[in-house]
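The values are calculated or read from the model by the stated rules, or taken from the named source; none is laboratory data. Since we're looking at a predicted model, the values are computed, not measured. Note that we place each Cβ from the backbone using ideal geometry, even for glycine, and neighbour counts take in every protein chain shown. Note: areas computed on protein heavy atoms with side chains; ligands, DNA, RNA excluded. Shrake-Rupley method; radii C 1.70, N 1.55, O 1.52, S 1.80 Å.
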Amino acid sequence: FTADICGISLERPDYMEMTALGAAGLAGLKLGWIDLKAWKSRARNVTCFEPKMTHNERQRLISGWQKAVQATKAGL
C-alpha cells in the first residue's frame, strides 16, 4: 500500500529487526569483534514492492485522506 500511495518501488528487509541488528553491528565494529568488510559483504534478503495503483486511484485516496485531516483539524 505504501508503494502504491507513494508511487515508488520500495524494498523491505526480510529480517524485521534491522534496528537491533544495526545497533549490535555498530557495537561489534567498535569493539573489534566484527570486520567492516565482512559486515558489508553479508547478503541481505529484501522483498520488493512495486506500485500497481493507477494515478487516479492514488489521487482519490490521497484526497480522501486530506479531507479527513481537515475535518479532524476543524474539530480542534
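One compactness figure for the chain is 1.75, namely its Cα radius of gyration divided by 2.2 N^0.38 Å.
Please give every one of the lysines within straight-line cross-link reach of LYS30, meaning a C-alpha to C-alpha distance under 19 Å, and leave out same-chain neighbours fewer than 8 residues apart. Within the straight-line limit of under 19 Å, LYS30 reaches these lysines: LYS40. Per residue, the solvent-accessible area of the chain (1.4 Å probe, heavy atoms of protein chains only, all protein chains present) comes to 84 Å².
Only protein atoms count toward the accessible area here, which uses a 1.4 Å probe; on the chain, the carbon and sulfur part of that area reaches 60 percent.
Between the residues PRO51, LEU36, SER63, the greatest Cα displacement towards the positive end of the dipole of region 15-76, with unit charges on the Cβ of Lys, Arg, Asp and Glu, is found for SER63.
In plain terms, the chain is cut at each of the chymotrypsin sites (Phe, Trp or Tyr not before Pro) found in a DSSP loop with at most 13 other Cβ atoms within 10 Å, and the longest leftover piece is 34-76. Between LYS67 and GLU50, the simple label model (points 7 Å from Cα in the Cβ direction) yields a spacing of 3.2 nm. Think of each Lys and Arg Cβ as +1 and each Asp and Glu Cβ as -1; about the Cα centre, that makes the dipole of the chain roughly 180 debye. Compared with the dominant Cα axis of the chain, that is its longest principal axis, helix 18-31 is turned about 30°.
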